[in-house]
Amino acid sequence: MGYGEKPTGKALVLIVDDVEINRIILGEIIKNMGCDFVLAKSGEEALLKVRERLPMLVLTDISMPGIDGYELCRILKGSEETRDIPIIFISAFDETQNIVQGFSIGGEDYITKPFIPEEVEARVGVHLRLYEMARQLRGMNRRLQISVNEQLLQMEQEKKNFLYALADAAAQNTSYNKKDMERLQKNCRTLAQGMQFSPLFEEKISDTYIDTIELAAPLCDIGNIGIPGEILSKEGDLTKEEAAVARNHTNIGAKLLKDLHGSSDYNDFIRISMDIAHYHHENWDGSGYPEGLKGEEIPLAAQIVHVMSRFCALTGREKQSAGEALAIMRQEAGKSFDPDIFEICCRISRQLL
């Protein structure tokens, strides 16, 4: 059976729960948001509903007879027609392992019972906006493929401007500002230039690569656009559950950028930006996230941004001198980042801002 058309007009939300009262409560909340909704009491029924009409978002219980919420997520994310639909898990369980498991199979968010209407509205609203932005970006990408060269160049710049605008919006609830991101840009360029003169990296880093990483570096945390503001702006340590949500910004950012990936030269910028957004929190020893990559498995652009992000954070928010920052980072070399890149960073440190 084929899948129905994507909805036009009001956003359509599919609510899946084997408990009727939960479906009714969530339906009322979604209705009050001005959205349409469809109810399903099982994973099996949900799949039938999806084939009738594609929703823009799925709210699904985890624990259900037959196809549970996790399996429903795997099925939807495994299909080209439905993999882009955001999925929010709803459950009475709030154990960290449940939350992490949901993210690991492609879920976008997690809401615990009993429902707080304001929380449901906020989380659903964020992911509906992200879905619509991604849809618009995919549409832009399709139009880009049939453009003539002059139109292509203009649209490429428009997309970059759009991405930078998203990155600025993502930074509004953090301690970073535009000057911080400009500093990160320039320092990433300086480090890449230093690496270009090293026999270890000279074959990997071209002049074009240096230009591209300078443009791409500010998009490292673009995924924060999908993280609740109260988590991004929280003072003090995050709970395990909050940390799991915050770490998902790497997946959100990579997905946003992936929607722009096509076949023009412009996509070197998108590919490198996607690597940076997805992997800039990976550690050289494999202890980072989201994939636990280690060593040279980590894309080089993400490694460069990781090193410079740490330097900028230490000399910026933490008000360390350059020498103090490098002393701290020396203890982390070989664990957090490539010791060879760190040594080059030390050699060119007087050129860093």
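Each value in this text was obtained by applying a stated rule to the coordinates, not by laboratory testing. As the structure is a computational prediction, the values presented were derived from the model and not from experiment. Cβ atoms come from the backbone with ideal geometry, glycine included; neighbour counts cover every protein chain shown.
So here's what we get for this one:
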quantity	calculated
Between the stretch 268-315 and the stretch 33-81, the alpha-carbon center distance in angstrom	34 Å
Pairwise centroid distance, computed over Cα atoms, of the stretch 219-233 with the stretch 174-208, Å	23 Å
With Cα atoms, 0 to 90° folded angle of helix 249-258 axis to the chain main axis	90 degrees
For residue 37, residues with placed amide H under 5 Å, excluding near neighbours	13
Calculated [θ] (222 nm, deg cm²/dmol) that DSSP helices of n ≥ 4 give over the chain, each run adding -39,500 (n - 2.57)	-17500 deg cm²/dmol
With Cα atoms, 0 to 90° folded angle of helix 300-315 axis to the chain main axis	80 degrees
Computed FRET value (nearest 0.05) for residue 178 with residue 44, which takes r as the C-beta separation and R₀ as 45 Å	0.35
Fraction in percent of alpha-carbon pairs per bin - 20 Å, the chain	28, 53, 18, 0
Rounded to 10°, Cα long-axis angle of helix 43-52 versus longest principal axis of the chain	90 degrees
Most to least packed among 195-202, 217-224, 242-249 [average Cβ atoms within 10 Å]	217-224, 242-249, 195-202
Förster radius 25 Å - calculated FRET efficiency between residue 132 and residue 32, Cβ distance, rounded to 0.05	0.85
Sum of side-chain charges, residue 38 neighbourhood, beta-carbon under 13 Å (Lys, Arg +1; Asp, Glu -1)	+3
